Amino acid sequence: MNVKNSYLMNAYSRQEISFTSGSGIRLWDNNGVEYIDAISGVAVTSLGHSHPEIASAIAEQASQLMHTSNLFKIDWQERLGEKLCSISGMERAFFCNSGAEANEAALKLARLHANANNVFDPVVVVMEGSFHGRTLATLSATGNPAVHSGFSPLVPGFMHIPFNDIESIHRLADQVPNIVAVLVEPVQGEGGVKAASQEFMQTIQHLCHEKNWLFMVDEVQTGMGRTGAWFGHQNVDVEPDVITLAKALGNGFPIGACLARGNAAKLISPGKHASTFGGNPLACRVGCSVVDIMERDKVPDNALIQGKRLLQGLKAELGHHPEVIAIRGEGLMIGIELSYPCESMVKRALTEHRILINVTRKNIIRLLPPLICNENETDEIVARISDLVRTTNRH
Ligand SMILES: *Cc1c(COP(=O)(O)O)cnc(C)c1O
């Protein structure tokens with residue numbers, strides 16, 4: 001690919017559109033054109049753009065104190081740790097700056113757990129179709145050959161099984177003695193908006209108890225209300241040992257977290273893991289604001305209500321469309337699977353229908369609207385997406 005007049009590495013295939021302001025679920029480009037944001041910066045701006053309370057929390061804390069390092073006690077970090085543990089049932093938090101880093105922390109817990117049990121060639125079970133990030137360990141954990149391509153040697157110690165395949169995990173449990181953990185998304189986002197079944201998750205939980213494996217859930221995308229519960233695993237009634245978070249935790253301010261309970265919460269001691277920026281006063285104050293606003297405004301409940309409305313609306317409009325294979329979702333994480341590759345729809349959605357969408361796995365439209373959208377806004381999303389799909393020809 002040709003990089004024209006750019007000082008940026010060619011990492012992304014971007015749309016030629018640049019936004020200059022936003023409010024709630026709306027964005028404006030540099031020509032003043034208004035759009036609906038139905039992707040939220042990939043599940044990040046769940047409270048909408050330019051939330052006034054988040055903006056003032058940032059401004060206030062930035063003018064008071066941004067960073068001191070983890071050489072010192074950080075009150076906002078303690079507070080955010082307590083809030084996140086209270087909504088998740090976890091006991092301890094480690095703070096970092098992204099989803100991949102949160103998963104790195106979880107994978108290091110798995111290694112510490114292994115080494116403490118004299119397992120020096122440990123295996124973490126991961127899923128085909130998963131996405132866990134772009135660092136070397138997290139891309140190795142990711143179940144997508146395209147993400148691996150060009151990066152050998154991969155980090156060893158991962159075994160992939162088909163998602164939702166109960167027989168496979170039982171077989172692995174019988175055949176592989178050095179398994180120490182399972183890492184799984186409650187709903188695969190990049191993988192095409194596919195939910196883990198309750199039976200699959202409960203099987204994993206059962207095996208983890210029986211075999212002394214860590215049950216680790218990647219809630220980077222599903223966490224913080226996205227699926228209509230605080231955390232996606234709560235929808236299938238399991239209690240993991242480790243939860244990873246990022247994306248919506250800062251509503252756009254970079255922050256990630258790895259939460260743990262039980263023995264998993266005691267594995268880290270000084271010298272085992274660290275982050276210079278991780279958990280600084282600014283990031284943690286923003287995280288506290290996000291949790292407070294979500295609690296006060298019952299944002300996960302709204303995600304559930306609006307998610308149902310969005311799903312029903314789309315099914316009513318598009319359920320019988322000949323090219324629509326499936327419409328599915330959990331809360332405000334929605335996938336519309338088409339019978340043909342539809343990556344070109346992203347641009348038409350922007351230029352003709354003024355709505356931001358994402359296409360994953362080539363043929364699945366993924367919608368991740370802000371969790372604060374109201375009924376009218378949800379209906380507007382249904383109308384624009386239905387128009388978009390109806391006016392698109394196969395080629
Ligand atoms: C986005 C995502 C990640 C990676 O997060 P980054 O902040 O981009 O490193 C990891 N896991 C899941 C499930 C994600 O959706």
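The values are calculated or read from the model by the stated rules, or taken from the named source; none is laboratory data. Just so it is clear, the model here is predicted, and its values are computed rather than measured. With ideal geometry, Cβ positions are generated from the backbone for all residues, glycine too; neighbour counts draw on all protein chains shown. The accessibility values were calculated without ligands, DNA or RNA, using every heavy atom of the protein model including side chains. Shrake-Rupley method; radii C 1.70, N 1.55, O 1.52, S 1.80 Å.
For the reader, a short list of remarks on this structure follows.
- Net charge of Cβ neighbours under 12 Å - reference residue 110; Lys, Arg +1; Asp, Glu -1: 0
- The largest-to-smallest principal axis extents of the Cα set in the stretch 269-395 are 58, 32, 26 Å.
- The stretch 55-143 pair-distance distribution - Cα-Cα, 10 Å bins, rounded %: 13, 31, 35, 16, 4
- Listed by chain and number, the lysines whose C-alpha is less than 22 Å from the C-alpha of residue 247, apart from same-chain residues fewer than 8 away, are 83, 108, 194, 298.
- Spin-label model distance (nm) - residue 28 vs residue 374, 7 Å beyond Cα toward Cβ: 2.0 nm
- Per residue, the Cα convex hull of the stretch 128-184 amounts to 81 Å³.
- Estimated from helices alone, the mean residue ellipticity of the chain at 222 nm is -11500 deg cm²/dmol (sum of -39500 (n - 2.57) over DSSP H runs with n ≥ 4, per residue).
- Residue with peak Gaussian network fluctuation, the chain [Cα springs, cutoff 10 Å], from 35, 340, 12: 12
- Net charge of neighbours whose Cβ lies under 11 Å from the Cβ of residue 304, counting Lys and Arg as +1 and Asp and Glu as -1: +2
- Listed residues 323, 101, 239, most fluctuating in the chain (Gaussian network, C-alpha, under 10 Å): 323
- Taking all pairs of distinct alpha-carbon atoms in the stretch 156-274, Kirkwood radius in angstrom: 15.2 Å
- Contact order, relative form, for the stretch 52-296: 31 percent (alpha carbon pairs under 8 Å, 6 or more residues apart, mean separation divided by residue count).
- If the convex hull is drawn through the Cα atoms of the stretch 52-296, its volume per residue in Å³: 125 Å³
- GNM top mover of 146, 38, 110 - the chain, alpha-carbon springs below 10 Å: 146
- Carbon-plus-sulfur accessible fraction, the chain (probe radius 1.4 Å, protein heavy atoms only): 50%.
- Net charge, residue 146 excluded, C-beta distance under 11 Å - Lys, Arg +1, Asp, Glu -1: +1
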